Every structure is written in C-alpha cells, then in structure tokens.
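S.K.: Let me give you the structure first, and then I'll get to my questions.
The values are calculated or read from the model by the stated rules, or taken from the named source; none is laboratory data. Here the structure is a predicted model, which means the values were calculated and not measured. Please note: Cβ atoms are built from the backbone with ideal geometry, for glycine as well, and neighbour counts cover all protein chains shown. With ligands, DNA and RNA removed, areas are computed over all heavy atoms of the protein, side chains included. Shrake-Rupley method; radii C 1.70, N 1.55, O 1.52, S 1.80 Å.
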Amino acid sequence: MSIIDDALKKTQDKLAERKEKSFSKTYEKLHGHQDDQGNTVSGKIREKTIWYKNVYVLTCIFFAVGALLYTVLDFSGQPGLPIKPKPPDSKALSVQPKLPDRSSLPTQRKVIPPEHYQPELVATDKTEIAEQYTKGLNYYKQENYKEAMEWYHKAAEKDHALAQFNIGIMYSSGQGVEQDNDEAAQWYLSAAKQGHAEAQNSLGIMYIRGQGVEQNYKEALEWCSKAAQQEYLPAQYNLGTMYAKGLGTEQDYNKAIKWYRKSAERGYAQSQTILGLMYSKGQGVEQDDKEAVKWYRKAASQEYVKAQFNLAVMCSEGRGVEQNDKDAAAWCRKAAEKEHADAQAMLGFMYSKGQGVEQDNKEAIRWYRKAAENGIDSAKEALAILEK
C-alpha cells in the first residue's frame, strides 16, 4: 500500500504545481510582475512594451530592405565600384537610349552644356578658324609666304584640313619655309586622315616617288583610291595609271580604262589623252583610231599639249581622220609653241619638206634647234645637215 500511496502523492504534487503556475501567469496578466530591479510592472504595460519592440524591429527591417533595394537598382554592375548618385532633376536631362552592355566598363554619363550655349560655342570656333585660314590665304596671294604660313598654322592646329594641305604644299615647294618633303608628307597625312581628297592624292604621289616617305606603291594605291572614290579627277587618272603599269597591284588594263574613262568623261584632259592613246594601241579596249582621235580632240581643245601633238600625228598619217598636212601642221605648231620637244622636231621636218606649210629652211633650222636644245637627238642630226 505504501507504493500506491507514494504514487498518489506524486500525482497530487504535480497537479498542485501546475495549478500554481497557471495561477501565477493569470496573476501576472492581471496585476503585473516584478522586473530585475524589484519594481512591479503592469501586465498591460508589459504587453505594450513587447508591441513597441516588435514595431521597432519591423521598422528596422523595412529600412534595411529599402536601402538594399536602392543599392541594387543604382549599382553599375561592377564589383568594387562606388555607388553612383542619381543626377539632380533627372526630368530636365534628355532621355538617352539604353545600350546593351558590351564592355567591362560602366556607362559614364556625359555632361551636356545647355542647348543655347553649345551651338554658339561651335559657331564661334568655326568662325575664328575660318578667319585664320582666310588671312593665310590672302597673305599667300600677296606672296607674303611667312605671314601666310603663320596664319595657316593657327588654323591647322585646330584641324582645319585645307590649311593643313596648304602647309604641305608650301613645304613641298619651299614657299616661306625651307623645302622639306618630310614635313610636306606629314601635313598631307594630317589632312588626308580627315578625308581631304587633294591631300590623299598628294600623299599617294609622295609614296609613288618616295618623297618624304619610303617608296611604297601599295600605300600609294590606297591613298589614290580614297581620293578617286571622292570623284577627285587627278586621283582617278593616277589610279588608272597605276593599274595600267601594275604599280602596287597586278597590271589590269580593264581597271585602268575604267578609271581613265571616269575622269575623261568629266573633262579631265590628261585622262582624255591617255584614253585616246589606249584606243590607238588597243590596250584594254578594241583598237579604234576614230575613238582615239575623238578623245585627242577633246583634250587638245583644252590646250593640253600632249593631245595636240598626238592629234597632229593622226592628221599627218590619216589615222582615224582624213589625212591633212595643214591640220597636222596647225596642231603641231600649237604644241611646239608650248615647248613640246617632239612637236618642235616634227614642225622643223615639215618646214624642211614643205608639208602643210611653205618650205622654209630657216624656219626648219629654228625649230630643229629648239628641239635639239630640248634633247631630241634626231633634231641635232637634221640640224647638222641643214647647217652645212
């Protein structure tokens, strides 16, 4: 019986302990409890204290999350970089398209001057540069090359392409400065890089001749091509010549004809003359003397001396045109008076034989002598015979 009594007693003790704990909790809710310092704290006050603590914790969490979101949204995407502040008054800034990120660097915002200020600045700069170039040009026309060079330099230092090109010409010819092909090539290059067609063509010629730069036909072909594609007629002629001679490329008469024709059709006398020559020889085209005469005549009418001499030969031989010594003599004289040595020798021959002109040994000797002075050996031999 003692074991049963003992078990009942333990059970009663546990029930009493549970009642006491339940009573204590109920009492604290109604009457409060003592804090660590022995002060009695109301149950309701305690509940409010716990509520305030919960609100404080939630507020801290809210601000922490907000700061984290702000950081994520404003971050440039690069580790270790500072967070960029938003620009003030973002509505006033122009909307920029969002570009795909193709580089490892963050996009940098550019500071754009007010709209009323930027065009005014550009216009003022352009006006100043134009005035500097114009002063240089005026001094050049007055043959005051030193002053011209000074003003050209002012404009050239601000990337005025035409001023740079003109400085190149002055160094090439030694006007106002000591002649210097190296300097000329550098200034041509500065202007050529800006797309100046004349400078590109001039630089190409420097590469062909090896003046101021190491001779390089491929570089010459490249620069002449750039100028030719801008419809610069001398460059088209030079490009045609390079294809005809195989300089910097394989010889190709078809391409040569293409570039000669482009400039010839726009009235470039040198191209008209060479195109006539290729028709007379059948190079790159079917041989055709009439076409040759047509192109010679176009260039000759522009007082191009080589075309005048070639036309004189065609008239004398009756090629592509009815044979006519008088026409031959007339065209030959035009070229001879412009110091064309072969034309001078031909005219001397025509005077000695009386072809197209009245026979006159004195005139023959006069023209033979001019031709001999210009290096024509056959004229020297003819002159020796006539002067016996």
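S.K.: In segment 230-258, what residues are under 23 Å from residue 286 (Cβ atoms) and either in contact with a strand residue (DSSP E or B) (Cβ under 6 Å, 6 or more places away or on another chain) or among the polar types (S, T, N, Q) (or both)?
M.R.: 236, 241, 251, 254, listed by residue number.
S.K.: With buried (at least 24 other Cβ atoms within 10 Å of the Cβ) and farther than 28 Å from residue 264 by Cα as the only criterion, which of 156, 185, 191 stands out?
M.R.: Residue meeting the stated conditions: 156.
S.K.: Looking only at segment 208-262, count every residue that is outside any loop (DSSP other than H, G, I, E, B) and open to solvent by 50 Å² or more (accessible area, probe 1.4 Å) and tell me the total.
M.R.: Final tally of qualifying residues: 13.
S.K.: Hey, another quick one. Output the residue which, of all residues in segment 347-369 that are of a type in the set (A, V, I, L, M) and assigned to a helix (DSSP H, G or I), is most open to solvent (accessible area, probe 1.4 Å).
M.R.: Once the filter is applied, the top-ranked residue is 365.
S.K.: Same structure again: Within segment 370-388, restricting attention to residues that are among the small types (Gly, Ala, Ser) and more than 21 Å from residue 300 (Cβ to Cβ), which residue is most open to solvent (accessible area, probe 1.4 Å)?
M.R.: The selected residue is 378.
S.K.: More than 25 Å from residue 229 (Cβ to Cβ), in contact with a Lys or Arg (Cβ under 7 Å, 6 or more places away or on another chain) and in a helix (DSSP H, G or I) - does that describe any residue in segment 285-299?
M.R.: Yes, segment 285-299 has at least one match.
S.K.: Can you tell me which of 343, 299, 330, 335 is modelled with pLDDT of 95 or more, open to solvent by 10 Å² or more (accessible area, probe 1.4 Å) and not hydroxyl-bearing (Ser, Thr, Tyr)?
M.R.: Step by step, each of 343, 299, 330, 335 is checked, and only 330 is modelled with pLDDT of 95 or more, open to solvent by 10 Å² or more (accessible area, probe 1.4 Å) and not hydroxyl-bearing (Ser, Thr, Tyr).
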